[in-house]
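Single-structure report; data block below.
The values are calculated or read from the model by the stated rules, or taken from the named source; none is laboratory data. All figures in this text were calculated on a predicted structure; none of them were measured in a lab. Note: ideal-geometry Cβ built from the backbone for every residue, glycine included; neighbour counts use all protein chains shown.
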Amino acid sequence: MPPKSLVTTLRDRYLNTIRSVQPPSRWKVLVVDSFTKELLNSVLKMYDILQENVAQVDNIELSRAPQSTLEACYLLTPTSQNVDRIIRDLAPSEPGRQPTYAAGHIFFVDSLSDALVHKLTSSPAEPKLRQLIELYTNFWPIEAQSFSLKSPQSFLNLFQPVGGLYGPDPMEAMRAIEEELQFSTQAILNVCVTLNEFPLIRYYNPSHPPLGPLQPPKDAVKSQTAAANMYQGSARMARLCGSNNDSGIPGAGPEGPAVGEHFTKKLAFRVQAAIDQYVRDNEPKIESSRPRSVLFITDRSMDTVAPFLHEFSYQAMCNDLLPIQDGSRYHYTFYTSDGEREEKEAILSDEDNVWTGIRHLHIAEAIDKLTKDFKQHAGEQGAFADPNSSLNDMRDMLASLPHMQEMKEKLSLHLTMAQDCMNRFEKSKLPAQAMVEQNCATRLTPEGQKPKTLVEEMVPLLDDRSVSNMDKVRIIALYIMYCDGVPDEDRKRLFQHARLGRYEMEAVDNLVHLGTQVVKDPSSSGWDVFFKKGKRKQQPGENEFELSRYQPLVKLMVEDHFAGKLEQVTYPYVRDAPPETATGGLSLPVQTSALARVGLGGAASSANSSASAGGAGRTQPSSLRSAKPTWHQKARGGSNVGVERLENRQRVLLFVAGGMTYSEMRSAYQISERLGKDVYIGSSHTFTPESFVDVLKHFGKAGARDAASRGGGGGGASKLSKPLNDRSAIRTASLQHGAYPTGQGNGEHHTGYASPISPVDQSTYDRSNTRCKVQNTRRASPRI
């Protein structure tokens, strides 16, 4: 049974919020701003809202006619502008102006700063306030088990080198890191509160030095002093990063985002402090029947292989090969029941049952399922029973069917998309490219042997003018990572074979900023030396295709955790490791750490891995090849390990700072099915291979942020216009480039207030002096 959908959770949360407003007149007005309107539209239709006795929906940013007999349900972002607008609505200061609404039920999608709470509850509008509740719903549920912050610039903030002609200066870069820490902390808190989870936290702690602005400078003392002085005179930074740390958690206190520590560690400790503060303030009811959840905080540098690979699961392949915008909008040709050809934009979402049924299937399995669905809905007789019908034939036949218009459109859409993907697969060198990519990524051939002819297979592809430069960049990057760096002479030789442009070469070179070795000592030169390595191999697993053997490292990380094999040096807990029962200790049929086999298990696990990799006790895999096409499937293994009742299943939260891939999103569903856990994954945004290469091209150059916001599969959220001096709990438009935090919650009201992202006017504010004075705002808010 699948985990509870984040989309459904948010949908129910918003509907229950609207339903909680029960005015005497029955009818009410829903008041939103531009951003919360987008949040609502992501999970609700206007029809759903109007069904809840909503007479009309108003935008608080626009002039509105008074509705003095109706009460208003405000669903807003927590900004000082919106607080001022609420006060003007309910208690206008202009002589002779009537109140816009009879009363106000106030719901903010994120935590409201204490200063704004005080401003609102001590204003002339106070007698007309009926509820004042923080919802913690300020994030984007892009799928049932995936969420996004719609913040593609996060990748640059974390990894872009400091300095240079267009790069940020050190002070600006450190401010961006602090903003990123606050932003990500609040977003993760929102997700945890929404799910009513207060998890154990583990984070990725790599052996390489910190990256980006956090990289230790040559003059560490001078740089750290400058970073500390950066916050002097800032009440906002003093409150959040300096003066009020009583959490006892390193990294949450006065030092701020000091250089020399990994971002993942800083974020993990910040999240722990935020959760502790929330629990102290709100004392939420925690489900005792469900094992305590686990939150893993990683970043893009943990797995630099996954973003380059050609994936052949349906969703990942479509987003790689087809012009899909933001991972959800696709323009295609549709045939009506009259046989007329029309252009249409399709929305790929959880509302499309055909899409959800095949998006994580291999393209071969997806086509099989589409064919079966077509036969089921078209009938098994006449022309529809022809077993030799192509995807195009089936799509054309659908146009002649007189019934089931909605299903016809969905099947036609996905038959078109699948056919387009297969056309590109069959008419290009994609099979050969993908084999080289998989051999590099896994360090093994499909037969489980070292890839001894890798150069001979790769160089013709680099010389081939029919292979795009984008694909050549992907091949070279994967080969260099396979080799753990190549001599500079060999790197230049690869670039010459591929005839890459300057920016394309720099995309490969810039992998160094993600902790990848690109160039190594020339004494190691020579092609054959690279094949003598025996480390970092991914052994064949279950349910694989020859061109889909690589497993994202986040998947291996979670599997190792529940097998008790995840090494604590590389993946430490924020707090002491719990007993095995607290982590939901599940015995998996794994003899050694999967991550140790790919070089991320740390010393202890590496020892185990070395013992098994030496040949003793390790069974060499049999041939994975078959007589069927190169993407044909091996025999399946078991699944549904450790399945429990849905309401009692342990939850796992994965956060990948700096961008996730569609293969990692798919992994969340696969882990859920295999381990019987509820697994949710989120990130700043979603990378396609093209968008990943594109942003690497522009590191340290003009237009880098524009490149980051293009094609990121989840970027491009609307900006919120705010005054320059407005430091309310929303990310500033200047840094977000169309993105900002999102979160959710159990609707805790103001018996205590969680620390906001960016408090307003905090220099003289004392938390103990402000408490909500409106007694009827204490009414319990609806829970999901």
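Conditions first: (1) surrounded by fewer than 16 Cβ atoms within 10 Å (Cβ to Cβ); (2) modelled with pLDDT under 90. Pro209 passes all but one, so which condition is the exception?
Among (1) surrounded by fewer than 16 Cβ atoms within 10 Å (Cβ to Cβ); (2) modelled with pLDDT under 90, Pro209 violates only (2).
Results for (1) at pLDDT 95 or above; (2) crowded, with 24+ Cβ neighbours inside 10 Å; (3) farther than 25 Å from Leu181 by Cβ, shown as yes or no for each residue.
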site: Thr661; (1), (2), (3): yes, yes, no
site: Met665; (1), (2), (3): yes, yes, no
site: Thr686; (1), (2), (3): yes, yes, no
site: Asp694; (1), (2), (3): yes, no, yes
site: Lys697; (1), (2), (3): no, no, yes
site: Ala708; (1), (2), (3): no, yes, no
site: Gly716; (1), (2), (3): no, no, no
site: Leu735; (1), (2), (3): no, no, no
site: Gly745; (1), (2), (3): no, yes, no
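Quick check on Leu44: is it in contact (Cβ under 8 Å) with a residue 24 or more places away in the chain and not in a loop (DSSP other than H, G, I, E, B)?
Working: in contact (Cβ under 8 Å) with a residue 24 or more places away in the chain: yes; not in a loop (DSSP other than H, G, I, E, B): no.
Taking the combined requirement at face value, the residue does not satisfy it.
Looking at this structure, is Val271 of a type in the set (Val, Ile, Thr), assigned by TED's automatic domain parsing to the domain that holds Val695 and touching a helix residue (DSSP H, G or I) at 6+ places or on another chain (Cβ under 8 Å)?
yes
Would you call Leu415 surrounded by 21 or more Cβ atoms within 10 Å (Cβ to Cβ), assigned to a helix (DSSP H, G or I), of a type outside the set (Lys, Arg) and at pLDDT below 90?
No.
Tell me, please, whether a residue that is surrounded by fewer than 22 Cβ atoms within 10 Å (Cβ to Cβ), acidic (Asp, Glu) and not in a helix (DSSP H, G or I) can be found in region 268-285.
There is at least one residue in region 268-285 that is surrounded by fewer than 22 Cβ atoms within 10 Å (Cβ to Cβ), acidic (Asp, Glu) and not in a helix (DSSP H, G or I).
Any residue in region 366-383 that is over 16 Å from Met407 (Cβ atoms) and assigned to a helix (DSSP H, G or I) sitting within a Cβ distance under 6 Å of a residue that is hydrophobic (A, V, I, L, M, F, W, C) and at pLDDT 80 or above? List the pairs, counting only those 6 or more apart or interchain.
Ala366/Ile358; Ile367/Ala418
I'd like the full set of residues that are without any contact (Cβ under 8 Å) to a residue 60 or more places away in the chain and either surrounded by fewer than 19 Cβ atoms within 10 Å (Cβ to Cβ) or assigned by TED's automatic domain parsing to the domain that holds Ile347 (or both), limited to region 31-41.
Lys37, Asn41
So Leu322 ticks every box in (1) under 15 Å from Met422 (Cβ atoms); (2) buried (at least 18 other Cβ atoms within 10 Å of the Cβ); (3) not small (Gly, Ala, Ser) but one. Which box is left unticked?
Of (1) under 15 Å from Met422 (Cβ atoms); (2) buried (at least 18 other Cβ atoms within 10 Å of the Cβ); (3) not small (Gly, Ala, Ser), only one is false for Leu322: (2).
Any residue in region 113-124 that is basic (Lys, Arg) and either under 36 Å from the mean Cα position of the chain (by Cα) or on the phi > 0 side of the Ramachandran plot (or both)?
So far as region 113-124 goes, yes, one or more of its residues are basic (Lys, Arg) and either under 36 Å from the mean Cα position of the chain (by Cα) or on the phi > 0 side of the Ramachandran plot (or both).
Tell me yes or no: at least one residue of region 324-342 is among the polar types (S, T, N, Q) and in a strand (DSSP E or B). It would help to see each step written out before you state the result.
We begin by selecting, within region 324-342, every residue among the polar types (S, T, N, Q); these are 325, 328, 333, 336-337.
Narrowing the set further to residues that are in a strand (DSSP E or B) leaves 325, 333.
The answer is yes; a qualifying residue exists.
Quick check: is even one residue across region 19-26 in contact (Cβ under 8 Å) with a residue 24 or more places away in the chain, among the hydrophobic types (A, V, I, L, M, F, W, C) and either surrounded by fewer than 16 Cβ atoms within 10 Å (Cβ to Cβ) or touching a helix residue (DSSP H, G or I) at 6+ places or on another chain (Cβ under 8 Å) (or both)?
no
Does Leu158 satisfy the condition of being of a type outside the set (Ser, Thr, Tyr), crowded, with 24+ Cβ neighbours inside 10 Å and under 18 Å from Pro284 (Cβ atoms)?
Considered against the rule, which asks whether it is of a type outside the set (Ser, Thr, Tyr), crowded, with 24+ Cβ neighbours inside 10 Å and under 18 Å from Pro284 (Cβ atoms), Leu158 comes out as no.
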